[in-house]
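The values are calculated or read from the model by the stated rules, or taken from the named source; none is laboratory data. None of the values given here were measured: they were computed from a predicted structure. Here the Cβ positions follow ideal geometry from the backbone for every residue, glycine too, while neighbour counts run over all protein chains shown.
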Amino acid sequence: MDTGLILNIDKSLETVPCDLCGHNNDEFLYLKIGTLTGRQFRVVRCRSCGLIYLNPRLNELALAGLYDNKYYAGNGFDSVINYLADFEKDGDCEKMFRPERTVEEIKELVPPPSMLLDFGCGLGDFMKQAIKHGYEAEGFEVSQFAAEFARTNGLKVYTSLEDLPNEQYDIVTAIEVLEHCFSPMKALRAIYRCLKPGGCFYYTTTNFDGFYKRWRLGIRDVRDDYVKPEGHTYFFSSSVMKSYFKNIGFSKVFHFEPYIKEGRLFKLLLNSGFVKGPANAPAKFLDRFLYYGGRNILITLRRQQRRLPLVRK
């Protein structure tokens, strides 16, 4: 991370309209301190569409500068994961984001052999696993350090949105990426353009459904830990994502619950003898009924968040 950003933070900030609806109509929620700069960032919500974001936020050049070798070594604005160390690990269970498990999930949507673009591919670990499972995978990445790292491992990586091919891919993935984007709208338009008709967009990012309501009630929400200035800039709810997809022109929005499962609910059912089979997949009809039924009850009781909706072109 360039120390110039820390010294000249005020010059690197810009006030922006809402990325989704374009209005300048934000409501101030609270202040959050950035890890690198120690500066307080304003967390706001657009009164017109509900998008939650930082305003002002770092400009495009400063945002791109966050993703250097220090960031990927766990010394950036988000020190939760050391991407370089993760890349060298052999076992999927030892890695933070479990790339091989994610490949198993997307196989339920678009099985291989298929063309895949990993948008925000980082060092390329997910691409490497996808290729191993039969996908023809390419990547997009704004970090020059990460792009060159992936290329030295034999992976094809684009670094400019304009260079992405039209209607090339059966599936585009963005694993914990949208919250980092300088403009999610611009990123999603590029993703739409490079998907084949009928192609699927699969992404992960924290679901902020109900966050604003809890803030108004004065209840601290654990999802505030996900608000990580300087790099996490936008935060998405189900209605916000549906609005993005509608504005861009995607044809089908749907909820996806992958067959492969982990987590406390399934482990409880497994250990109690209510379900049988592999520890990560409810196999039989009764197993699936108990798992998904229990999950829906937790969602209804607001004890668990539903996944954000996915989309097809």
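Exactly one of (1) surrounded by 20 or more Cβ atoms within 10 Å (Cβ to Cβ); (2) touching a residue at least 40 places away in the same chain (Cβ under 8 Å) is unmet by Cys46. Its number? For Cys46, the failing item is (2). Of all the criteria given as (1) surrounded by 15 or more Cβ atoms within 10 Å (Cβ to Cβ); (2) closer than 24 Å to Asn55 by Cα; (3) at pLDDT 95 or above, the one not satisfied by Lys196 is (2).
Per-residue answers, yes or no, for (1) closer than 30 Å to Asp10 by Cα; (2) under 16 Å from the mean Cα position of the chain (by Cα):
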{"site": "Asn69", "(1), (2)": "yes, no"}
{"site": "Ser114", "(1), (2)": "no, no"}
{"site": "Gly120", "(1), (2)": "yes, yes"}
{"site": "Met127", "(1), (2)": "no, yes"}
{"site": "Ile131", "(1), (2)": "no, no"}
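Scanning segment 145-174 for residues that are over 20 Å from Ile248 (Cα atoms) and in contact (Cβ under 8 Å) with a residue 40 or more places away in the chain, which turns out surrounded by the fewest Cβ atoms within 10 Å (Cβ to Cβ)? Restricting to residues being over 20 Å from Ile248 (Cα atoms) and in contact (Cβ under 8 Å) with a residue 40 or more places away in the chain, the top hit is Phe145. In the set Pro17, Pro56, only one residue is in contact (Cβ under 8 Å) with a residue 24 or more places away in the chain and within 22 Å of Leu178 (Cβ to Cβ); that residue is Pro56.
The set of residues from segment 18-39 being part of a loop (DSSP other than H, G, I, E, B) and either under 23 Å from the mean Cα position of the chain (by Cα) or of a type in the set (Ser, Thr, Tyr) (or both) comprises Cys18, Asp19, Leu20, Cys21, Gly22, Gly34, Thr35, Leu36, Thr37.
The single condition from (1) at negative phi; (2) touching a residue at least 60 places away in the same chain (Cβ under 8 Å); (3) in contact with a Ser or Thr (Cβ under 9 Å, 6 or more places away or on another chain); (4) assigned by TED's automatic domain parsing to the domain that holds Tyr53 that Tyr226 fails is (2). Within segment 46-67, the set of residues being of a type in the set (Lys, Arg) and over 11 Å from Ser12 (Cβ atoms) comprises just one member, Arg47.
Of the residues making up segment 52-74, those that are within 25 Å of Gly122 (Cβ to Cβ) and in contact with a Lys or Arg (Cβ under 7 Å, 6 or more places away or on another chain) are Ile52, Leu54. With respect to the numbered conditions (1) charged (D, E, K, R); (2) over 23 Å from Phe145 (Cα atoms); (3) surrounded by 15 or more Cβ atoms within 10 Å (Cβ to Cβ), which one is the sole condition not fulfilled by Asp78? With respect to (1) charged (D, E, K, R); (2) over 23 Å from Phe145 (Cα atoms); (3) surrounded by 15 or more Cβ atoms within 10 Å (Cβ to Cβ), Asp78 is out only on (2). Only one of Leu63, Leu84 is within 19 Å of Tyr234 (Cβ to Cβ) and touching a residue at least 12 places away in the same chain (Cβ under 8 Å). Can you tell me which? Sole residue among the options that is within 19 Å of Tyr234 (Cβ to Cβ) and touching a residue at least 12 places away in the same chain (Cβ under 8 Å): Leu63. For segment 173-204, the set of residues classified as outside any strand (DSSP E or B) and touching a Ser or Thr at 6+ places or on another chain (Cβ under 8 Å) consists of Glu176, Val177, Leu178, Glu179, His180, Cys181, Phe182, listed by residue number. Val222 passes every criterion in (1) surrounded by 18 or more Cβ atoms within 10 Å (Cβ to Cβ); (2) hydrophobic (A, V, I, L, M, F, W, C); (3) under 21 Å from Gln40 (Cα atoms) apart from (1).
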